[in-house]
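Coordinate-derived values only; no laboratory data. Here the structure is a predicted model, which means the values were calculated and not measured. As a convention, Cβ positions derive from the backbone with ideal geometry for all residues, glycine included, and neighbour counts pool all protein chains shown.
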Amino acid sequence: MTDYRLPTMNNNIWSSTTPTPRTSVSPALVSVTGTTGDPLKSMAFFSVESLQQRLQTLIDGAREAWTYGIFWQSDVVDFASPLVLRWGNGYYNGEEDKNECKTTSFSRYFIAEQEHRKKVLREVNSLISGTQNGGENDVVDEVVTDTEWFFLISMSESFVNGSGLPGLAMHNSSPIWVTGTERLSASNCERARQAQRYGLQTMFCIPSANGVVELGSTELISQSSDLMDKVKVLFNFNTDMSSPTGLVSGSRVVESEPDLSALRLTDP
C-alpha cells in the first residue's frame, strides 16, 4: 500500500460522542502538558511534519523491530475539564512477513473481513484525494493485516488521564512497558487486550511534556533504557527536525486526524 498523509482535523471528532463533520484544516497541532505545572501555560506548538519526522526517526533508528508508533496528544480545554489524550499522529512501519499473512485463509468470514477493512482504507484515501465517490475506484490489493487494522482504528481512540496504558503513563509520569501475550491479555486496559488479540506482543508508552508516545511490536522486546532516552530527546520539541527525511517504502504515515464520521471501523 502506498504512503499517504491525512488532513489535519478538528480535535472534537475524537470525542467519545458521535464524531462531528470536518469543519476546517489546521496547519499545526496544539498540545498541552498534563504532568506538572499550569497546563494552559505549558502549551507547545509543533508542526505536523516535525511530529511525523520524530516518529519515523524513532522507529527507523531503533535496533528493535517496532510495528507502529503513535503520539497521543494531551488536550485540555480549561481547568474544570479532565486532561484527555487523543490521536495526534501515527507512523505504521508494517510487518516483514506481511505478504505471507493469511494468504492461505479464504474462509467466508476472512473474505468479508478483508472487504470491510479495504473499504475503510479506500474511504480514508478518498479524504486525502478529495474524491466524492468514497474511493470506490481505488484498489487495495494487499491483505490488511490485524496490526494494520489495529493501527487504523486507533485513530478514533481517546484516553482520560489515568485510564488505559497511555493515560496511566501520563498520570504517573512514568513509562509503561508490557511484554508478552499473557501480560497483555491479563491487563486491565482494554487497549492492551485488543492489541494482543490483533497479534502484538509488546507495547510501550512513555510520557513527554506534551503527550504520550506509544510503540507496539509483534515481537517480544525487552525494556530498553536507550530507547527511552531517544524518546525523551526526540519529543522534547526543542530538537531541530527541520531536515526532511524520506519515507520508507511500504510504510504508512498518518499525519493527523481524518473525518471518520462516515466510516464503520468495527469488524463485520
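If R₀ is 41 angstrom, what is the calculated FRET efficiency for the pair Asp226 and Asp141, using the beta carbon separation as r and rounding to 0.05? Present the calculation step by step, with values, prior to reporting the outcome.
Values: r = 38 Å, r/R0 = 0.92.
Efficiency at R0 = 41 Å is approximately 0.65.
For the stretch 143-226, what is the charge dipole size about the Cα centre, in debye to the nearest 20, if Lys and Arg each add +1 at the Cβ and Asp and Glu each add -1 at the Cβ?
Working: 4 positive and 8 negative charges, 42 e Å.
About 200 debye.
Computed from backbone phi with θ = phi - 60° and the Karplus coefficients 6.51, -1.76 and 1.60, the 3J(HN,Hα) list for the stretch 52-68 is 4, 5, 5, 5, 5, 4, 4, 6, 5, x, 7, 6, 7, 9, 8, 7, 7 Hz; x is used for glycine and proline. Backbone geometry of the stretch 210-223 corresponds, through the Karplus equation with coefficients 6.51, -1.76 and 1.60 at θ = phi - 60°, to 3J(HN,Hα) couplings of 10, x, 9, 9, 10, 10, x, 8, 7, 9, 7, 10, 6, 4 Hz, x marking Gly and Pro.
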